[in-house]
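The values are calculated or read from the model by the stated rules, or taken from the named source; none is laboratory data. None of the values given here were measured: they were computed from a predicted structure. Heads up, the Cβs are rebuilt from the backbone with ideal geometry, glycines too, and the neighbour counts pull from every protein chain shown.
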Amino acid sequence: MARSRGHGLLVDRVTLFFSVLAVSAGTAVWWTRGDAAVRAAFGHAAGLLLMVLPLVLFAVMLAAYIQQMLPMGLAERWLGAGSGVRGLLLATLAGAVTPGGPFSAFPLVVGLRGVGASLPVCVAYLTAWSVLGLQRVLVWEIPFFGADFAAVRLLVSLPLPLIAGAAVMALTRPTRGD
Amino acid sequence: MGVAYLTVAVLLAATAVAAHRHPGVEHRAVWRLGFHQLRPLLLRLPVAIVAASFVAELIPPEWFARMLGSSSGLPGVLLASVLGGALPGGPSVSFPLVLVLSHAGVGVPQMVAMLTAWSVLALHRVLTFELPMMGWAFVWRRWLVSVMLAPLAGGLAMLVTG
């Protein structure tokens, strides 16, 4: 069974989920289409893996460099006092440039709450980090789906952090004024 | 795919050079951090790709085109949003999965909706980071306003791509 988190080549919940899915879907393919289809699917998966694995290797190392270089205290100083539309815009900008995975974004949001950032600002920040995060675009999206796709997705995602922040503002107005 | 390798290789080289001039950064520490983050993927990624290939084999291509192709319109965007919200794992796992789907004929607005739902709803991230660190009061409000974002992004992408 799954060992505790953070120890080497562990079988975590995500891996377990995919293992079960692979075995059951593989069995279903074999049952309905026979050996040849299973071999074809394996061949397809192996080809894709060979293509993707070096990309993932480079991308992870690139992300590690970015994480080491950018100072995290900067965003906290910026966003702590921001409020209203100006706060939401700053939060959107900060979320877009925050590098790294949830390991870096969530501690930052906890810090932001600690220094007095409002709930809408925190939500706008997290939404921007999720949908506009430039590091993810450069490291993952453009290599996998191409610059054209990334451009369309970024364009339509630009208003999303503001919308999410404003919606939370409307939601919390009765209990928490600005 | 050649362009992809080139992009990432150039970016990696450029950041490595920049880091070399940066006082507080040690290459060995960076590679250790990178390998630490890579290690869980070495098993997870192959298993996920094999699973996705089998699932794609089971679903007939006409189904993808009808339900999630660019002609599937808003219902396709809504379905893609639901599927995206259920995608597990970080980009290293979910992007290869979405790549398998895109080869199977998913339309651009539908892919936009799927990736947006995956990134803002991210059930796995909520359970491991957001709920323990931010608390329930924060999580339910953020979720409530985020549910509409993926269909919105997909709808806007339909307008942009015509």
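Which one of the conditions (1) more than 7 Å from chain A (Cβ to nearest Cβ); (2) touching a Gly at 6+ places or on another chain (Cβ under 9 Å) does residue B:139 fail to meet, given that it meets all the rest?
Only one criterion is unmet by residue B:139, namely (2).
Mind checking which residues of the range A:29-43 are over 17 Å from residue B:48 (Cβ atoms), surrounded by 14 or more Cβ atoms within 10 Å (Cβ to Cβ) and of a type outside the set (D, E, K, R)?
A:30, A:37, A:38, A:40, listed by residue number.
Would it be correct to say that residue B:156 is within 20 Å of residue B:64 (Cα to Cα) and at pLDDT 90 or above?
The answer is no for residue B:156.
Give the range A:43-73 a look and list any residue that's more than 7 Å from every other protein chain (Cβ to nearest Cβ) and modelled with pLDDT of 85 or more, or say none.
If the condition is that a residue be more than 7 Å from every other protein chain (Cβ to nearest Cβ) and modelled with pLDDT of 85 or more, then A:43, A:46, A:47, A:50 are the ones that fit.
Which condition number does residue B:52 fail, the rest of (1) touching a Leu at 6+ places or on another chain (Cβ under 9 Å); (2) within 7 Å of chain A (Cβ to nearest Cβ) being met?
Unmet condition: (2).
Looking at the range B:52-64, can you tell me whether even one residue there is outside any helix (DSSP H, G or I), out of contact with any His (no Cβ under 8 Å at 6 or more places or on another chain) and not assigned by TED's automatic domain parsing to the domain that holds residue B:89?
no
Given the residues B:132, B:61, which is the only one that is under 28 Å from residue A:30 (Cβ atoms), at pLDDT below 90 and surrounded by fewer than 24 Cβ atoms within 10 Å (Cβ to Cβ)? Give the steps one after another, and end with the answer.
Working: B:132 fails: under 28 Å from residue A:30 (Cβ atoms).
Every option except B:61 fails the conditions.
Please go through (1) at the interface with another protein chain (Cβ under 9 Å from one of its Cβ atoms); (2) basic (Lys, Arg); (3) free of Cβ contacts under 8 Å to residues at least 40 places away in the same chain; (4) within 28 Å of residue B:101 (Cβ to Cβ) for residue B:44 and return the number of the only condition it doesn't satisfy.
Looking at each condition in turn, residue B:44 falls short on (3).
Within the range A:77-94, how many residues turn out to be modelled with pLDDT of 75 or more and out of contact with any Gly (no Cβ under 6 Å at 6 or more places or on another chain)? Give the derivation first.
Residues of the range A:77-94 modelled with pLDDT of 75 or more: A:84-94.
Subset that is out of contact with any Gly (no Cβ under 6 Å at 6 or more places or on another chain): A:84-87, A:89, A:91-94.
Number satisfying all stated conditions: 9.
Need at least 1 residues that are surrounded by fewer than 20 Cβ atoms within 10 Å (Cβ to Cβ), more than 7 Å from chain B (Cβ to nearest Cβ) and modelled with pLDDT of 90 or more per element, so show me which helices (runs of 4 or more DSSP H) inside the range A:95-172 make the cut, counting only ones lying wholly within it.
In the range A:95-172, the matching helices (runs of 4 or more DSSP H) lie at A:147-157, A:160-172.
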